Structures are given as structure tokens and as C-alpha cells.
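The values are calculated or read from the model by the stated rules, or taken from the named source; none is laboratory data. All values reported here derive from a predicted model rather than from experimental measurement. Because the Cβ atoms are built from the backbone with ideal geometry, glycine has one as well, and the counts that use them run over all protein chains shown. The area values use the complete protein model at the heavy-atom level, side chains included, leaving out ligands, DNA and RNA. Shrake-Rupley method; radii C 1.70, N 1.55, O 1.52, S 1.80 Å.
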Amino acid sequence: MKRYLPFFIVGTVALVTLASGALLYRAKRLPALAIPENSTTSAMGGTEMVHVRGRADAPVTLVEFGDFQCPPCANLSEPINQLERDYRSRLRIIFRHFPLPNHQHAREAALASEAASRQDRFWEMHDLLYREQAVWSKAPDVRVLFSAYAGMLGLNIDRFKKDMESEQAKARVKSDEQQALALGLATTPTIFINDHQVPHAHLNPSGLRIAISAATNKKASK
């Protein structure tokens, strides 16, 4: 999907409105998650919903606590996608919400991704929100833009709007937030690789690649 120009976004909004009315890991550990094999969108792990891509038997699992309005999270979004492509079956990706209170539209963006998830488009909305962050984060009415994005992804827009307001979507975001707070997290992105937190100084494409390679080699040597 190519970068959407602001003029194209405005046009789409109008149409939608009309149509729809080894790396020095820290000691902090992330509790292990039971995640089904070969899940590509949202899947039930135990009693909770998790957003996961990749195989359950992948030797390395990367868990990100992210905020859709966080610029560093946006900067890492595509590099993480590239790592997934490069490592293929050896890497599994999990995303958890942690919208920060200082980001005005972060919670609404999280709810938009959850609404998209209910139509099996979580990861598509995830990527789109990060790519278009500079546009929607400054918009006076983000919900109009989010509905436009839903239309671009081929979603039922009336259902999308309803699901954004649903208790299920709110509970899903809250569940991730509670886990983040229980771990003592305060910033985004926070990334764990095989349950070990990656130091913030290494939260860049090369640092993550080194950490994933180290975790892969450690698994292989066992």
C-alpha cells in the first residue's frame, strides 16, 4: 500500500461519509503466553485474545507493547515487519496495546485497530495507522479518518464504528494496559524477545536484529 497523500485522504473521507452516513537483556521477564500455531491475525491464547503473527513453534518471540501515536513505535513498525520477513518461521510477532495518556488520540487508535480486528484486519490497520500517523495524529476528528481507513481496507464501516464503541474492544485494550502496568512499564515501545526486555538503547533495527540473532543462536545451541 503506497503512502496516502493528504489530498487523497480528504477525498476518501468525503466518499466514506457519503457512502456510510546477547544483548544486555534486563532482568524483567514477560509472562509466557499460550498462542496457537500458524495464527496470522488475532487468536485466542488461553482465555485472552492476542494479536500474533507467526508459528507457535518459532524459536524466537518478539512482544511489543506499543502506542499507535508514539513516533518511535511508528519508526520501528516497518523494520519489525522486515525482520519477520527475513526470519520467516523462526520469528513470531505479538502486539499489545499501551496507549499513553499524553497522546491525545492513542486510545481511539487502539480501539480502531480492535474494531478492524473483529473483521480480521487487525494487522492491516496496525500497519496503516503507523504509516499514516503524521496525518491522523493532528486531525481534529480522528474518527472520520479512521472510518476512511476502514473503507480503504474493505471493512464494513457501520460495523467498524459500532465495534469501536464496544465493550469488547475497550476490554481488550484495557487487558493489555493492565499487563503493561503490572510489569512496571512506562514508555513505548517496550519490546521483549523470548521474555527478556530489550534495553531502550537497542530499540533500533540493527539492535533488534542482533537481539533476535542472539536468541536464535541460543535456542539452537540447546
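The table below gives the values:
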read-out: In the range 183-194, the residues that are over 17 Å from Leu76 (Cβ atoms) and surrounded by 15 or more Cβ atoms within 10 Å (Cβ to Cβ); value: Leu183, Asn194
read-out: Those strands (runs of 3 or more DSSP E) lying entirely in the range 22-97 with at least 1 residues at pLDDT 55 or above and open to solvent by 10 Å² or more (accessible area, probe 1.4 Å); value: 48-53, 60-66, 91-97
read-out: Residue among Gln168, Gln119 that alone is in a helix (DSSP H, G or I) and not β-branched (Val, Ile, Thr); value: Gln168
read-out: Some residue of the range 208-216 being out of contact with any Phe, Trp or Tyr (no Cβ under 8 Å at 6 or more places or on another chain), modelled with pLDDT under 95 and surrounded by fewer than 22 Cβ atoms within 10 Å (Cβ to Cβ); value: no
read-out: Within the range 133-157, considering residues that are within 17 Å of the chain's Cα centre (by Cα) and more than 14 Å from Glu108 (Cβ to Cβ), the one surrounded by the fewest Cβ atoms within 10 Å (Cβ to Cβ); value: Ala134
read-out: Residue under evaluation His126, criteria (1) open to solvent by less than 30 Å² (accessible area, probe 1.4 Å); (2) at pLDDT below 95, criterion not met; value: (2)
read-out: Phe160 being over 18 Å from Asn81 (Cβ atoms) and open to solvent by less than 30 Å² (accessible area, probe 1.4 Å); value: yes
read-out: Filter result for Ala169 (aliphatic (A, V, I, L, M) and farther than 21 Å from Glu78 by Cβ); value: yes
read-out: Within the range 126-168, tally of residues that are in contact with a Ser or Thr (Cβ under 9 Å, 6 or more places away or on another chain) and among the basic types (Lys, Arg); value: 2
